[in-house]
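The values are calculated or read from the model by the stated rules, or taken from the named source; none is laboratory data. The shown structure was predicted, so the numbers you read here are calculated from the model rather than taken from an experiment. Glycine also receives a Cβ, built like all others from the backbone with ideal geometry; neighbour counts cover every protein chain displayed. Ligands, DNA and RNA are excluded from the accessible area calculation, which covers all protein heavy atoms including side chains. Shrake-Rupley method; radii C 1.70, N 1.55, O 1.52, S 1.80 Å.
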Amino acid sequence: MLASVTTALEGVHDPAAIAVASRRPGEPWFCLEQPDRDGWALAALGCVRALEARGEQRFESVSRRWRALAAGAVRTGGDGPPGSGLVAVGGFAFAPDGGEAEQWSGFEPGSLHVPEVSLARSRGRASVTVNVEAAPDDTVEELAQRATRRLEQLRSAPLPLLDPAPTGVYRVQSAMPPSHYEDAVAGAVRRIHSGEFQKIVLAREVDVHAPVDHDAGALLGLLREEFGSCYVFAVGRGDGAFVAASPELLVRREGQRASTVALAGSIGRSADPAVDDHLGERLLQSEKDREENAIVARRIARALRPLAVWVTAAPEPVLVRVANIQHLGTPIRAQLASPVSAIELAGVLHPTPAVGGEPRATAAALIPALEGFDRGWYAGAVGWTDTAGDGEFCVALRCALLRGPIARLYAGCGIVADSQPASELAETEVKLGALLPLLAG
């Protein structure tokens, strides 16, 4: 069984900085934070138990195994910020068997890790949890010594900085030429007009080849400074790291309440406040973007109703602004009728039409052929859950997979009947602009 001990931390602590400074070579690590939400952050190191699955039932399988593991664990420690105590952290690929391409090695289609150490922070409060696997012949003293040794290896240092004047040649190239993406959009629009489906999300992959290895810790630090309202995360597996600043919540469960946001429809930002407001108003009045958002909101509400006493959505979408782009967002809340875990809720909602399409099955079958690459964890779900089944998962957007000197960036757009290939290509460039300038020297 697992033994888990949680204690409050005095003073000011940066969970992500501690995790990056303390990680051992090849060790799994995890950071997720939303800086503007009361400074909330969760970071984890190591793995005492891996919960992995593939296929259509991967969410349910991982949830079932986590429930059994948590029920048998011995836990001590007081209450702390959200994410305190015994937790499982990780993510799920977009497709049931996604991530088979070599670059996604270590990122299974469904993979949550119970860490050796985790740190949570919110509203100035912080806690640390250490987990050990207990065998029948272990003594309390032996378990305490193992936990103490792991805690003594933690150290705190500021996150590293990106080199402001890098040397060497950086090369940026699309896995497929831009014309391939425009052709895919045009083909999708024809199929929409023929009645095959209402919407499909198509993405691009862009690679950045650097003269030195990309630094996931430094990128994480910059992203949380620039995108404080987003879910900023890094998931390290082996020599790879998946890093993002995602604006989209898939689901958050707090007791019997579930909340999410239908995020679809996008336009750029401007440094001029008047122009920025004008762009936002254009987005709010765009019939194409409002319909794209409505498709997502309707699907989410329809998926939640069988599980809920009530489901309510905002009557009108609002502007969700991040550093380089603004979106239409429709907040949605639900009162659950029975205890459905955060993992299971994520499985019910994933993929929303914001990253897949409508109808879901039709769009999902066409996406790989039209895009021409393995999405892996891009557009999947990344997050955490605790022993009560609470937790939250964000949609893995505005992201990059780092492996040595190669960074693979991903960005997609929702394609509907009124979509124009050139406009959708331009929108992917805006979305790639979240990470590309930071990685391309």
Multiplying the sequence separation of Ala426 and Val172 by 0.36 nm and subtracting their Cα-Cα distance, what value in nm do you get? 89.8 nm
Provide the gained length on full extension for the span Ala417 to Arg155, in nm with one decimal, where the gain is 0.36 nm per separating residue minus the Cα-Cα distance. 89.0 nm
Distance between Cα centroids, segment 171-239 to segment 1-40: provide it in whole Å. 27 Å
From Cα coordinates alone, what are the radius of gyration and Dmax values for segment 137-235 in angstrom? 23.5, 69
Distance from the Cα centre of segment 309-364 to that of segment 401-441, in angstrom? 22 Å
Residues of the chain: accessible area per residue with a 1.4 Å probe, Å²: 40 Å²
I need to check one value: relative contact order of the chain, counting alpha carbon pairs closer than 8 Å and at least 6 residues apart, in percent. 22 percent
So what is the relative contact order of segment 282-441, in percent, for Cα pairs below 8 Å that sit 6 or more residues apart? 19 percent
Summing -39500 (n - 2.57) over every DSSP H run of at least 4 in the chain, dividing by its residue total and rounding to the nearest 500, the 222 nm mean residue ellipticity is -9000 deg cm²/dmol
No solvent, one uniform scatterer per C-alpha: report log10 I(q)/I(0) for segment 36-122 via the Debye equation at q = 0.18, 0.20 1/Å, two decimals. -0.87, -1.00
Calculated FRET value between Val12 and Ser105, using beta carbons and R₀ = 56 Å, to 0.05: 0.90
With the contact rule set at Cα under 8 Å and sequence spacing of 6 or more, what percent relative contact order holds for segment 236-298? 27 percent
Cα extents of segment 234-340 along the three principal axes, largest first, in whole Å? 48, 45, 20
Highest-first arrangement of 348-354, 8-14, where packing means the average Cβ count within 10 Å: 348-354, 8-14
What order do Trp310, Trp29 take when sorted by accessible area (1.4 Å probe), most exposed first? Trp310, Trp29
If one puts a single equal scatterer on every Cα of the chain and applies the Debye formula without solvent, what log₁₀ I(q)/I(0) results at q = 0.07 Å⁻¹? -0.33
Accessible-area composition of segment 383-430, carbon plus sulfur, in percent [1.4 Å probe]: 54 percent
Over 15 Å apart: what share of the alpha carbon pairs of segment 260-322 falls there, rounded to a whole percent? 55 percent
At 10 °C and 1.306 mPa s, the Stokes-Einstein diffusion coefficient in µm²/s for segment 273-427, with hydrodynamic radius from the Kirkwood sum on alpha carbon pairs, is 91 µm²/s
For segment 56-101, the percent of accessible surface on carbon and sulfur atoms (probe 1.4 angstrom, ligands and nucleic acids excluded) is 49 percent
Using all C-alpha to C-alpha distances in segment 1-70, build P(r) with 10 Å bins and read off the rounded percent in each one. 15, 35, 37, 12, 0
